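S.K.: Sharing a structure with you now.
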Amino acid sequence: MLGEEPLWCPFGVEQYNIRLTQGTPPNRLEAHMSQTRDHWSSNTGLVLAATGSAIGLGNLWKFPYITWVNDGGAFVLVYLICIAAVGLPIMMAELLIGRRSQKSAVGALKDAAGPAWGLIGGWGVTAGFILLSYYTVIAGWSLFYFAKTVSWTFGSFPEGMVAGDLFNDQVSSAPLQLGLSLAFSAATIGVVYFGVSKGIERVARVFLPILFGILILMLISALGMSGSGEALTFIFRPNFTELEPSSVLEAVGHSFFTLSLGMGAMITYGSYISRKQSVVKASGAIVALDTIIALFATIIMFSVIFSVTGMQQQVDAGEVGAVGMLFVALPELFYTQVPFGVVLGPLFYVLVALAALTSTISLLEVVTSYLIDERGLGRHKATIVSGVAIFVFTIFAALSFTGTPFFSTLEVFQGKAGWFSTADHFVSNWMLPIGGLGITIAVGWFMTRKASESELVDGTEPKWFNYGVWRFFVRFIAPAAVLAIILFVILGRDFS
Ligand code: PHE
């Protein structure tokens, strides 16, 4: 019993005793499962995989756009504060319950806060399912633009092409949309099929450095453009008179999306951390990298916008929306404005595709690991079952803009046509905030202090970390901020 050496225990006597005092004695089966569970091979592996999940369309597509709409400067500053005050503490909370339980979202929340909290885990798994169903469609567009830009680089850029028409033609072609989504889903399933260290981590180790490299090249090129000074001023000079209260909430909401929080992705990735790896250090690195990449992407895009006459007005007039910046304005500009654009164009869409793939694999892993841990399926079967089930909904999302009856006309939320917009509305406004609120309450209020402290303060933590400060943010600041989002959504604000 307590103090006595267990016959066999994968996490050391000390942890064994902590578990005993908290009433979760690890039996041999549990111990065995923990031992055989696939793990990240090192801290770098974890950081790269989790950063890969965090960096995605949220950084390259959504963040630049909401920064533009919210007039830059002050919004960016508020966003940085939200990332530090809400995102970072919740990142640690998610990773820590994953590492502690060595179980994915449902099991981890049950272990941390009690059986009823498994529902929040289930909510997260559902969010992952729905989010992946339409995220794949946008990811598929990057494949289309990659193919297009390659053909322009090696052939020639079609003079007089109307970029908006090209975009509309591709989203309204049902066979093309289905083909692109199928290709992207297959790639996602292919990676998750091989598991954590041989699939997800391997891909992250190769792709993330490529992604960083491409982004740095693009940044250098963008900073050489005439509009870069204006872009930097727009992004970094705060003007608080322009800031509206709902922008603050938009920043909180986006910090969830961009850091892959509120739906169990980081809990799941946390469950593959071994005891030697620090949750605090990893969280700091993931959050910092994600933020830097979002800022780089914004600098790149705004430098282009400010360098091209008339572009700013087009964006302001709404002719170039969130999707438009990435898929309408940029492709053409690479061939008309950007230095070395013929090379950077295709590279940029490789970047978008890689960033999206490292995010889609984390979404699929949430659902797959649920089937493995809670439903007893083997990895291969679980991957195929979840991947195919999600793809059925991807078909709905892919056909949302094709004019196909039902698929394009289905309307659940007012004015949101098709599964694509409906799902995006539901996930951004309801699923991630409610999931995030549940996770902070579970970890801040229902998990014992001793339990969370023993995970964060275990000798692996860096010097700057203060447990009391973290606990305060998880118990009070983060839930209050998320609750405010939910209230605004109830009052009719749309954050999707
Ligand atoms: N963080 C990803 C992005 O910025 C999106 C995502 C959300 C991925 C939740 C996984 C889980 O695009």
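Values in this text are rule-based calculations from the coordinates and carry no lab data. All figures in this text were calculated on a predicted structure; none of them were measured in a lab. Cβ atoms come from the backbone with ideal geometry, glycine included; neighbour counts cover every protein chain shown.
S.K.: For the range 350-359, what does the Karplus curve 6.51 cos²θ - 1.76 cosθ + 1.60, with θ = phi - 60°, yield as ³J(HN,Hα) per residue in whole Hz, taken in order and with x for Gly and Pro?
M.R.: 5, 4, 4, 5, 5, 4, 5, 5, 5, 7
S.K.: Also: What order do you get for MET266, MET92 when you list them from fewest to most C-beta neighbours inside 10 Å?
M.R.: Working: MET266 32, MET92 27.
Taking fewest neighbouring Cβ atoms as first place, the list is MET92, MET266.
S.K.: Still on this structure, please answer the following. When we measure straight from the Cα of LYS463, which lysines land under 22 angstrom away, once same-chain ones fewer than 8 places off are left out?
M.R.: LYS276, LYS281, LYS450
S.K.: Here's something else I'd like to know. What distance in nm separates the two pseudo spin-label positions at SER172 and GLU242, each 7 Å out from Cα along the beta-carbon direction?
M.R.: Taking the two extended label points, one gets 3.4 nm.
S.K.: Take peptides 71-77, 439-445, 219-225, 97-103 and line them up by average Cβ neighbours within 10 Å, highest first, as a rough protection proxy.
M.R.: 97-103, 439-445, 71-77, 219-225
S.K.: Could you name the lysines in cross-link range of LYS198, using Cα to Cα under 17 Å and dropping any fewer than eight places away on the same chain?
M.R.: The reachable lysines, counting only those whose Cα sits under 17 Å from LYS198, are LYS381.
S.K.: When a footprinting reagent is the concern and you count Cβ atoms within 10 Å, what order do SER185, SER255 take, fewest first?
M.R.: Fewest-to-most ranking of SER185, SER255: SER185, SER255.
S.K.: In addition: Quick query: amide H of GLN102 versus all other amide H atoms, modeled in the peptide plane; which residues come in under 5 Å with a sequence gap of 5 or more or a different chain?
M.R.: none
S.K.: If R₀ is 22 angstrom, what is the calculated FRET efficiency for the pair ASP494 and ALA85, using the beta carbon separation as r and rounding to 0.05? Present the calculation step by step, with values, prior to reporting the outcome.
M.R.: On the way: r = 24 Å, r/R0 = 1.08.
That pair, ASP494 with ALA85, gives E of 0.40.
S.K.: So, with +1 on the Cβ of K and R and -1 on the Cβ of D and E, and no other charges, what is the size of the charge dipole of the chain about its Cα centre, to the nearest 20 debye?
M.R.: That gives a dipole near 1360 debye.
S.K.: Let me ask something else about it. Amide H neighbours of SER274 under 5 Å, at least 5 residues apart or on other chains, H built in the peptide plane: list them.
M.R.: Those qualifying (amide H under 5 Å, at least 5 residues apart or on another chain) are TRP40.
S.K.: Go ahead and collect, in residue order, the members of the range 420-459 whose backbone nitrogen is under 18 Å from a label point 7 Å along the Cα-Cβ direction of ILE486.
M.R.: Zone members listed by number: 426-447.
S.K.: Which angle between 0 and 90 degrees, to the nearest 10, do you get for helix 201-223 versus the longest principal axis of the chain when only C-alpha atoms count?
M.R.: That helix lies at roughly 40 degrees to the long axis.
S.K.: Rounded to the nearest 500, what is the 222 nm mean residue ellipticity of the chain from helices alone, with -39500 (n - 2.57) per DSSP H run of 4+ residues and division by all residues?
M.R.: Rounded to the nearest 500, the figure is -21500 deg cm²/dmol.
S.K.: Convert each backbone phi in the range 469-485 into a coupling constant with the Karplus relation 6.51 cos²θ - 1.76 cosθ + 1.60 (shift: θ = phi - 60°), then list the ³J(HN,Hα) values in order as whole Hz, x for Gly and Pro.
M.R.: 5, 4, 4, 4, 5, 6, 7, 10, 5, 4, x, 4, 5, 6, 4, 4, 4
S.K.: Something else now. How compact and how long is the range 42-490, expressed as Rg and Dmax of its alpha-carbon atoms in Å?
M.R.: 21.0, 66
S.K.: Calculate one ³J(HN,Hα) per residue across the range 139-146 by plugging θ = phi - 60° into the Karplus curve 6.51 cos²θ - 1.76 cosθ + 1.60, and present them in order as whole Hz with x for glycine and proline.
M.R.: Residue by residue, the range 139-146 yields 4, x, 4, 5, 5, 4, 6, 5 Hz.
S.K.: Continuing with the same structure: Across the chain, where is the longest run that never hits GluC sites (Glu not before Pro) in a DSSP loop with at most 14 other C-beta atoms within 10 Å? Don't jump to the answer; show the numbers that get you there.
M.R.: Details: sites that count: GLU4, GLU159, GLU319.
Maximal segment without exposed cleavage sites: 320-496.
S.K.: Quick check on the range 81-175: what are the equivalent-ellipsoid semi-axes from the Cα gyration tensor, as sqrt(5λ), descending, whole Å?
M.R.: Output for the range 81-175: semi-axes of 44, 16, 12 Å.
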